[in-house]
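One structure below.
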Amino acid sequence: SRLGPMRSTTALVIVSLLAVAGATPGCVPRDYHDGTVCVCNGTHCDDIEALEGFVAPGTAVMYRTSLTGARMDKSTVKQTSKPTGSLTAELDTLTVFQEILGFGGAFTDSTGINLNSLRKDTQDMLIKQYFGPSGSEYTLGRVPIASTDFALREYSYDDVDGDFNLTNFALQNDDFQYKIPYIKQALELQKNSGGLRLFAAPWSAPGWMKENDDMKGGAKLRGPEGGEYYQTWAKYFVKFFEAYLAEGIPFWGVSPQNEPMNGANPDWLWQSMFFDAPMERNFVKNNLSPALKSSPATKDMIIMGLDDQRWYLPGWADVLLEDKEAADLIAGIAVHWYEDPVFPVSALTHTHEKHPDKFILSTEACQGWSDRQGRGPSIGNYTRGEDYAHSIIEDLNNWVGGWVDWNMALNTQGGYTWAMNFVDSPIIVETNKGEFLKQPMYYMLAHFSKFLKPGSRVVKLTLPAGVPKHVEAVGAVMADGRRYISVLNRNDTEDMTISFHEKGVDSVYTPVTVPSRSIATLIWNKF
C-alpha cells in the first residue's frame, strides 16, 4: 500500500484522486536527509490494510516494511506441501510462554501540545493512527502523574507547603489541554477493540515534600520512611486517580516512581525522586497499597515495581518479591530500554525464572536520547525503526509481555521539553505545514501492536542453525487463535528465504523471502 518513490507533491494529487474514487490511500512519501517518511494531514493518511477475520485455507497473510519503501504492505503467501529452500523453522504452539499485555505509547504533555498545534481534522487523523482500526491499534497508554521533562514547565498538583491533607490538590490546565482530551479520544477509539489499559507513574513529588525543596534534581521525600510525607505522597496518588476518574478516565496500573535511581543524582536536570529497592518495597507495603485500597477508584489497581533500566535486575525484583507481603501487592516489574545494548537481556529471563508468577513490561523507550546516536529527531531514519523491532523481538523472547513507547508525537526539534531534552518519536509534527510525518519507527511498532492483542501468547519458535547473522524472529498465538510470526532481517545485503512449519501439522509450510533491511509478519489460521 505505497505509491513508490515519487515526489510528495505529485503523490498528494494521486491520493486525492484515489479518495474521490473510493480507494484506500497509501503512503505519500517524502525524502529527508536520513530517510523517507509518510506524510499525513486531515484529509489523507496511509491506512494499514485490515487483517480480515478469516485467512483463506492454504494461505497466510504477510505484512512487510523495508528500507526500500514498504510500509506495512499487505500480501498473500501461498502455503506449500514442501519447504522452499534449505531453511525451515518450527513453530511449536504447544510450548507456551508469557501472555501479551499490549503495546502502546505515552500521553505526555508534549504529545498533546504538538497535537494542539494542528487543525482538528489533522489531530483526529493522528490519534487514529495510533488507536483506530486502520492504525497500529495501541492497547496500552502511559500517563505521567503531573509534569515531566516533556512539558512546558514544572508543575505539581499541590504546591502549598505543609498541605498534608492535600486540601489544595487540583489538576492543572496542562491536564485539561494536553492529556485528558486525547486520552478520551483514544479510549473511545479502542472501546470496541478490546479496550485501552492506562497506567501511570510520577516523576517527582511537589518540591515541598522533597529534601531538596524542588521537583527538579534527585532527592528523597522528607522525613522518615513511612512518615507524614510518605503518607501524604501516597494519598496524592489516590487524589490523581480520583480526579481523572471524575473525567471519565479509569486506570489499570501504576508504578511508584519513574526511574527511581535517577533520584540519586542531586544534579539531575529535570523532575526526579529517589527510591532504592528496599524503600520502594516499604512504600508499597506501608503507604501506597493501603492508600489505593482505601478508594473505590483505585482498590483494584495493579502495582509495578522498578520502572527503570534492566541492569537493576534481577536484584531489584528480588528485594521486592522475596518479601511475601510485598509480593502479594506487586503484579509485575516495569523496565526501560535505555542502555540495553550494553547490558545482557538474560537479566529479564533470570528475573522471570526467579519470579515466574510476575509479569515483565517494557514501559519506556525512545530514540535520539544520547550523544552517541545523535540527539533529537533523525527524520525517516530506518535504522532507528529496526532498533525498535530488535528490542521488541528480544524482549518478547525473554518473557516481556509488552512494549510501550515514550512520546507519541514531537516536533521537528524533538520537543516540547522545558528541560531541553530533545529526542525522537515515531510521529513528527510539522506545525508550519499542518502535517505529521510517520517514521519507520511507527511501522515497526505496528508489526506487533496491531496483531498481538492482550491475551495473545508467545510460543516457541526454533530457527535453523543456518539462519544468517542479524536475523531474528518471534512466534505467538494471537488472542483469536491465529498463528503469528515476525521476522527481522537487519543484514545490509543478504536476503533470506525460510519456510515456517507448525509442529504437529503435516505437509504444510509457509515460505517467505525476507529481503535485507526488512521485517515480515506472517499470520495464518489455526489448522
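Modelled spin-label separation between Tyr32 and Glu353, with each label point placed 7 Å from Cα along the Cα-to-Cβ direction: 4.2 nm.
Sequence-ordered 3J(HN,Hα) estimates for region 471-488 from the Karplus curve with 6.51, -1.76 and 1.60 and θ = phi - 60° stand at 10, 9, 8, 9, x, 7, 9, 5, 4, 8, x, 5, 8, 9, 9, 10, 10, 10 Hz, glycine and proline given as x. Think of the chain as having a plus end and a minus end, set by charges on the Cβ of Lys, Arg, Asp and Glu; of Gly105, Val160, Gly475, Gly475 sits farthest toward the positive end of this dipole.
Across region 278-288, coupling constants 3J(HN,Hα) worked out from phi with the 6.51/-1.76/1.60 Karplus curve, θ = phi - 60°, read x, 5, 5, 4, 5, 5, 4, 5, 9, 10, 5 Hz, and Gly and Pro carry x.
Amide H contacts of Cys27 (H built 1.01 Å from N, in plane; Pro and chain starts excluded): Arg2, Leu3 sit under 5 Å, all sequence-distant by 5 or more or on other chains. Solvent-accessible area of region 135-252 (1.4 angstrom probe, protein heavy atoms only): carbon and sulfur portion equals 43 percent. Just to be sure I understand the curve: with the Debye formula and one point per C-alpha of region 437-502, what is log10 I(q)/I(0) at q = 0.18, 0.23, 0.28 Å⁻¹? Once normalised to I(0) and log-transformed, intensities are -0.80, -1.09, -1.24. Around the amide H of Thr95, modelled in the peptide plane, lie the amide H atoms of Lys460, all under 5 Å away and 5 or more residues distant in sequence or on another chain. Scaling the Cα radius of gyration of region 377-527 by the globular reference 2.2 N^0.38 Å produces a ratio of 1.18. Over the chain, what per residue volume does the convex hull of the Cα atoms give, in whole Å³? Value for the chain: 141 Å³ per residue.
Run through the DSSP bridge list for region 32-153 and note the antiparallel percent, rounded to the nearest 5.
On the way: 7 of 10 bridges.
Given both bridge residues lie in region 32-153, the antiparallel proportion sits at roughly 70 percent.
Relative to the longest principal axis of the Cα atoms of the chain, the long axis of helix 180-190 lies at roughly 40 degrees. Each Cα pair of region 71-154 feeds into the Kirkwood radius, which the Stokes-Einstein equation turns, at 10 °C and 1.306 mPa s, into a diffusion coefficient of 92 µm²/s.
What is the extension gain from Arg372 to Ala50, computed as 0.36 nm multiplied by their sequence separation minus the C-alpha to C-alpha distance, in nm to one decimal?
On the way: separation 322, 0.36 × 322 = 115.92 nm, distance 3.83 nm.
Taking Arg372 through Ala50 to full extension adds about 112.1 nm, to one decimal.
Residues with amide H under 5 Å of Glu502's amide H, sequence separation 5 or more or different chain, H placed in the peptide plane at 1.01 Å from N; which? Excluding prolines and chain starts, which carry no amide H, the hits are Leu91. Name the aspartates and glutamates eligible as straight-distance cross-link partners of Lys354: C-alpha to C-alpha under 16 Å, and not fewer than 8 places from it in the same chain. Once the sequence-local aspartates and glutamates are set aside, what remains near Lys354 is Asp318, Glu322, Asp323, Asp328. For the chain, the per residue solvent-accessible surface stands at 37 Å², with DNA, RNA and ligands left out and a 1.4 Å probe. Placing unit charges on the Cβ atoms of the charged side chains and taking the dipole of the chain about its Cα centre, the candidate lying farthest along the positive direction among Ala56, His501, Asn265 is Ala56.
Projected onto planes of every orientation and averaged, the convex hull of the alpha-carbon atoms in region 130-213 covers 6.7 nm².
What is the antiparallel percent of DSSP beta bridges lying wholly in the chain, to the nearest 5?
Working: 55 of 91 bridges.
Taking every DSSP beta bridge with both residues in the chain, the antiparallel ones total about 60 percent.
Roughly how tilted is helix 120-131, in degrees to the nearest 10 and between 0 and 90, from the longest Cα axis of the chain? It works out to around 80 degrees.
The HN-Hα couplings worked out from phi for region 511-526 by the Karplus form 6.51 cos²θ - 1.76 cosθ + 1.60 (θ = phi - 60°) are x, 8, 9, 10, x, 4, 6, 8, 10, 10, 10, 10, 9, 9, 6, 4 Hz, whole numbers, x standing for Gly and Pro. Taking a straight line from the alpha carbon of Lys216, these lysines sit under 27 Å away, with near neighbours fewer than eight places off in the same chain left out: Lys179, Lys235, Lys239, Lys285. Partners of Lys469 within straight-line reach, counting aspartates and glutamates whose Cα lies under 14 Å from its Cα and excluding those fewer than 8 residues away in the same chain: Asp492, Glu494, Asp495.
The values are calculated or read from the model by the stated rules, or taken from the named source; none is laboratory data. Quick caveat, the model's predicted, so the values are computed rather than measured. Heads up, the Cβs are rebuilt from the backbone with ideal geometry, glycines too, and the neighbour counts pull from every protein chain shown. Accessible surface is based on the protein model in full, side chains and every heavy atom, while ligands, DNA and RNA are left aside. Shrake-Rupley method; radii C 1.70, N 1.55, O 1.52, S 1.80 Å.
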